[in-house]
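Structure first, then comments.
The values are calculated or read from the model by the stated rules, or taken from the named source; none is laboratory data. Keep in mind the model is a prediction, meaning the values are calculated, not measured. Here the Cβ is made from the backbone with ideal geometry for all residues, glycine too, and neighbour counts use every protein chain on show.
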Amino acid sequence: MTVSSPARIFAAMNIETIKEFIQSRKILLGCLAGGILLVAAGYGILILQQSIAEEKARVVEQHRVEQERIVKEKQDAQRAKVIEAMKRLIETGNAETALTVAEQNKGLMNNELQAMIHLATEKDLLDRIERTSKWNYADLAKYYGELAGLDPENSKYRKELKGYDKKLRKRLERKLYAQAQALPVRDFKANMDIYEELMQLNPGEKLYKSKYDRYRDKYEAFMKELEKFGPKPMLSADKKFYPEVKQYLKQNSMYPETLEMDSATDCYYTDSGWLVGCTYSEKNELGTRFSEFLWFTITNSTVQKVEAGGAYTVN
């Protein structure tokens, strides 16, 4: 072997290494190219899927819009029939029936149908007014009040309402004054209340103010006088007894363990104190239950006097 042999061997070895390097790069480039193709294919599939989804959504939306159009056409046709029927009913004096038809088809409501309801309501109220006695101020005031609310700009309705309201108030005033005249003078609270109402109905009438002031003063003086009797007795929750009376009977009864409270009157007053009537029952030693009604005068939450059932008469 000559001196130059190692150099040739080394050169051969270098050539083989370069070939391997090139081959490995070819494999790598092939893999990269394959990966790129796979990515491109995946992206294409994604775009296709999106396109299909968009088309499907477009078809669904088209179907929805078409269905809405069909429903709207049906509703419009039905509404037109309802409105035409209401017109005929109103024209023939059957506005109330027209309102019933509208109520049965309120699902079709729109501005046009609302306007027909307004017209039918107005016509119905006018028909009611025509059928109402001219002396029936209460109903006439009610109908014109509704018409004025329905059409606030209509001066005729406001004028009629004011007139009937005035007549109604005058009639009520006469009725209340007659009631006041029939009240006992000693019933200060009832007189005070009714004259206060009359003052509100007719503030310009000085007699009502004078009567109210008079009965108010008497009532306040009376209530002050009652303070000496202590708190007013209060009925039990079942309305059968006053606690003060039940306590008194238990303390003074021969058969307290058999005591039953059956009923009680309202609470009144006398010059001696609060007056209440109570019915109670007991069993005697033979087991026979007997019942009795008595009047009890109470002051400062204590029974002061007991009287027979016939001692007082409640009007």
Number of the exception - Phe222 against (1) under 30 Å from Ile194 (Cα atoms); (2) surrounded by 12 or more Cβ atoms within 10 Å (Cβ to Cβ); (3) touching a Ser or Thr at 6+ places or on another chain (Cβ under 9 Å): (3)
Tally of residues being more than 21 Å from Arg128 (Cα to Cα) and hydroxyl-bearing (Ser, Thr, Tyr) across the stretch 140-179: 1
Failed criterion for Lys211 (all others in (1) outside the structural domain of Cys278 (by TED's automatic domain parsing); (2) within 18 Å of Ile298 (Cα to Cα); (3) at pLDDT 95 or above hold): (2)
Qualifying position, being more than 30 Å from Ala98 (Cα to Cα), among the hydrophobic types (A, V, I, L, M, F, W, C) and at pLDDT 80 or above, among Val65, Val71, Val39: Val65
The stretch 100-122 residues that are within 15 Å of Lys72 (Cβ to Cβ), paired with ones that are in a loop (DSSP other than H, G, I, E, B) (beta carbon under 9 Å, 6 or more apart): Leu113/Asn105
Residue match in the stretch 247-262 (condition: part of a helix (DSSP H, G or I) and under 45 Å from the mean Cα position of the chain (by Cα)): yes
Matching residues in the stretch 233-254 - criterion: being under 30 Å from Glu196 (Cα atoms) and either surrounded by 11 or more Cβ atoms within 10 Å (Cβ to Cβ) or in the same structural domain as Tyr268 (by TED's automatic domain parsing) (or both): Pro233, Leu235
Residue match in the stretch 147-157 (condition: surrounded by 11 or more Cβ atoms within 10 Å (Cβ to Cβ) and either under 24 Å from Lys74 (Cα atoms) or at pLDDT below 90 (or both)): no
Residues satisfying the stated conditions in the stretch 174-224, i.e. within 24 Å of Tyr269 (Cα to Cα), in a loop (DSSP other than H, G, I, E, B) and among the acidic types (Asp, Glu): Asp187
Pairs with Cβ under 7 Å, 6+ apart, first in the stretch 134-156 and in the same structural domain as Lys123 (by TED's automatic domain parsing), second aromatic (Phe, Trp, Tyr): Tyr137/Tyr164; Leu140/Tyr164; Ala141/Tyr164; Tyr144/Tyr157; Tyr144/Tyr164; Leu147/Tyr157; Ala148/Tyr157; Asp151/Tyr157
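For residues in the stretch 94-121 being part of a helix (DSSP H, G or I) and of a type in the set (S, T, N, Q), which is surrounded by the fewest Cβ atoms within 10 Å (Cβ to Cβ)?
My answer is Asn111.
To keep it simple, each residue is scored yes or no on (1) surrounded by 12 or more Cβ atoms within 10 Å (Cβ to Cβ); (2) aromatic (Phe, Trp, Tyr); (3) in contact with an Asp or Glu (Cβ under 8 Å, 6 or more places away or on another chain).
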position: Met261; (1), (2), (3): yes, no, no
position: Gly273; (1), (2), (3): yes, no, no
position: Tyr280; (1), (2), (3): yes, yes, yes
position: Asn284; (1), (2), (3): no, no, no
position: Ile298; (1), (2), (3): yes, no, yes
position: Lys305; (1), (2), (3): yes, no, no
Qualifying residues in the stretch 122-134 (those that are over 17 Å from Lys159 (Cα atoms) and not charged (D, E, K, R)) - the one surrounded by the fewest Cβ atoms within 10 Å (Cβ to Cβ): Ser133
